[in-house]
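What follows draws every value from the coordinates through simple rules; no lab data is involved. Keep in mind it's a predicted model, so treat the numbers as computed, not measured. For neighbour counting, all protein chains shown are included, and Cβ atoms are generated from backbone atoms with ideal geometry for every residue, glycine included.
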Amino acid sequence: MTGPTGLVVLTDRRAVRHPLVEVVADAVAGGARWVVLREKDLPRAERAALACDLRAVLEPVGGTLVVAGPDPLGGSAVHLPAAGPYPPPRRGLVGRSCHDEAELGRLTVEDYAVLSPVYPTSTKPGYGPPLRPARLAALIRISPVPVLALGGIETAEQVRECVTAGAAGVVVLGAIMRAESPRAAAAALQGAFDRAAVGLASDEPAPTGGSPDLGPDACTRADPIALSGGRT
């Protein structure tokens, strides 16, 4: 399984204007193909049911649900915190949150890393000052795995800066979860990524010399849960 690229949507059911599954479906309609399920405070049965509903949204378009934490909730893709576990569990896809050189240096068999916070954000307190694009680029150069950028990414210009720094994708929470139209927001951010990636590729020097080289998920249903509401 290849790692995330482009726009990656990070869930927060307390920030949405509509039920979470509807918001994610709208973002998928706008072009998002990767979603990371957080909602760690939910009981496992309810979280597994939510994971099943989100997979049902993503699978018809070839999308992938990544579950935050070591339990894949019937799937095969997980995203782990910088704190552990080490070594990571053997899964189809494993990502890890990182914030500096030391944490990147602890990576072993992970498939990708998420570096944050890149820009100022209220959702990533306690991790020091924002990296900004220059620091992001420096960390990406020493990372042993592809890197996604996270934290305060809300505009096309910020997406372009992250791609220019070398990010394989951008992870977005607020700009999608709080959007009046998640579909329009996702389309704008994914479009910005695509344009930046194409522009970056066109800037690469042309090669010289030679010839060109030519299980089903388990879903356990629980009682319906409220997927929207204010933060308490």
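Just report the Cα centroid separation between region 80-121 and region 1-40, whole Å.
Cα centroid of region 80-121 versus Cα centroid of region 1-40: 20 Å apart.
From zero outward in steps of 10 Å, how is the percent of C-alpha pairs of region 37-107 spread across the bins?
It works out to 20, 46, 27, 7, in whole percents.
Semi-axes of the equivalent ellipsoid of region 1-158: what are they in whole Å, largest first, if each equals the square root of 5 times a C-alpha gyration tensor eigenvalue?
24, 19, 15
Report the net charge of residues surrounding C98, where surrounding means a beta-carbon distance below 12 angstrom and charges are Lys +1, Arg +1, Asp -1, Glu -1.
Working: positive: R96, R106; negative: D100, E101, E103, E110.
Value of the local net charge: -2.
Taking the highest mean first, how do the peptides 110-120, 135-145 order by number of other beta carbon atoms within 10 angstrom per residue?
110-120, 135-145
Just add up the charged neighbours of M177: K/R +1, D/E -1, any other residue whose Cβ is under 9 Å from the Cβ of M177. Present the calculation step by step, with values, prior to reporting the outcome.
On the way: positive: R13, R14, R17, R178; negative: D12.
In short, +3.
Counting pairwise Cα distances across region 84-195, what percent come out greater than 23 angstrom?
Here the tail beyond 23 Å accounts for 29 percent of pairs.
I'd like the Kirkwood hydrodynamic radius of region 1-88, using the inverse of the mean 1/r over distinct C-alpha pairs, in Å.
13.3 Å is the Kirkwood radius here.
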